[in-house]
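The values are calculated or read from the model by the stated rules, or taken from the named source; none is laboratory data. Not measured: the values here are computed from a predicted model. Every residue, glycine among them, receives a Cβ derived from its backbone with ideal geometry; neighbour counts consider all protein chains shown. The protein model used for the area step is the full one, side chains on, heavy atoms only, and it has no ligands, DNA or RNA in it. Shrake-Rupley method; radii C 1.70, N 1.55, O 1.52, S 1.80 Å.
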Amino acid sequence: MAKHHTDPLGLHSALEDWMLPVLVAAMSFLAALAVAGALASTVLAAQWQTDTAAALTIQVPQPSAPDAAGNATRLAAVQAALQTMPGVSSPRLLSTDALNHLLAPWLGTDAAALGLPLPAVITATWSGPGPGDAIAAALNKPAPGTLAQTGVQWAAHVTALTGSLQTCAAAVLVIVALVGGALVALATRAGLAQRRETIEIIHGLGAQDGDIASRFASRATALAVAGAAAGALVALPVLLWLAALAAPFSGPPQLNGLQHGLSGLPPALWTALPCLPLAAAVIGWSSAQLTVRGWLRKLV
């Protein structure tokens, strides 16, 4: 009798205990991965943008030839110019082995054996404003044909890629929310169809639409919250595993620890995961309310 008084519409049998939570759990799992992907791309992009934008690469063709003044080799002239150039720090000449390693995918392990005139490559750190076009102009005076390229353009590409990933993650979240609402609506309509006679009688006796809709919404919300919580818990070990894989790309260990904490997950993600059941509650309640109220209006 107690169950009859607490569930006069028989919603425990009309809205099954397993179907809706399982489907919502799957949606919650996908939402957790989408949120994690958006946050991870933001963190990694911030790190890569800083490193890439500060990178400076200089190529000196015919490094052993005399410079424009004929006082030294082209390579020596460029190295001397870099030492006094503002915004340029830590210039380093790549060794022959390092250069062969970079060219190996295209020219094989020993590029010099092909008889091609290879340029000297110098890497440095660029802290000046702008793309560094003035560097190439200054280096072309002692060594015409010298190329200088900063990582500003690559940093812009990383920013564009990050924006695309975040847009995709937002689209996934919107789709998950819409699918979740549709699932709740379908489950609610199935419950209404199963308890149609009982609801028509109660409604005919004067039961308010809001009271009937609230009972359905409460049941659907409880199932949706349970499913979303389960999906978030299932996603947690997967996210920890992915965070461990991404750790080498997110900076030095000490910086990684400050950004992500001991678990390896960013604090924002720990905040987002508990929000999934809350979002499921809002979606479940509103979808059930709209579905039941729309169904009841057709009875009048």
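Of all residues in segment 270-288, those that are over 16 Å from ALA36 (Cα atoms) have Cβ atoms under 6 Å from Cβ atoms of residues that are crowded, with 16+ Cβ neighbours inside 10 Å and not hydrophobic (A, V, I, L, M, F, W, C), 6 or more apart or on another chain, in ALA281/THR221; ILE283/GLY180; ILE283/GLY181; GLY284/THR221; TRP285/THR221; SER287/GLY181; ALA288/THR188.
Of all the numbered requirements in (1) surrounded by 14 or more Cβ atoms within 10 Å (Cβ to Cβ); (2) part of a helix (DSSP H, G or I); (3) modelled with pLDDT of 70 or more, LEU240 misses one, and that requirement is (1).
Restricting attention to segment 148-188, the residues being open to solvent by 50 Å² or more (accessible area, probe 1.4 Å), under 30 Å from LEU20 (Cβ atoms) and in contact with a Ser or Thr (Cβ under 6 Å, 6 or more places away or on another chain) number 0. Against the conditions (1) at pLDDT below 90; (2) touching a Ser or Thr at 6+ places or on another chain (Cβ under 7 Å); (3) open to solvent by less than 30 Å² (accessible area, probe 1.4 Å), GLY227 satisfies every one except (1). May I ask you to verify whether SER13 is modelled with pLDDT of 85 or more and surrounded by fewer than 16 Cβ atoms within 10 Å (Cβ to Cβ)? No; evaluated as a whole, the condition is false for this residue. In segment 40-66, the residue that is nearest to the chain's Cα centre (by Cα) out of those that are at pLDDT 85 or above and not in a strand (DSSP E or B) is PRO61.
Taking the criterion of being modelled with pLDDT of 75 or more, open to solvent by 40 Å² or more (accessible area, probe 1.4 Å), β-branched (Val, Ile, Thr) and not in a loop (DSSP other than H, G, I, E, B), would at least one residue in segment 126-143 satisfy it? No, segment 126-143 contains no residue that is modelled with pLDDT of 75 or more, open to solvent by 40 Å² or more (accessible area, probe 1.4 Å), β-branched (Val, Ile, Thr) and not in a loop (DSSP other than H, G, I, E, B).
Residues in segment 67-99 that are within 12 Å of THR146 (Cβ to Cβ) and part of a helix (DSSP H, G or I): ARG74, LEU75, ALA77, VAL78, GLN79, ALA81, LEU82.
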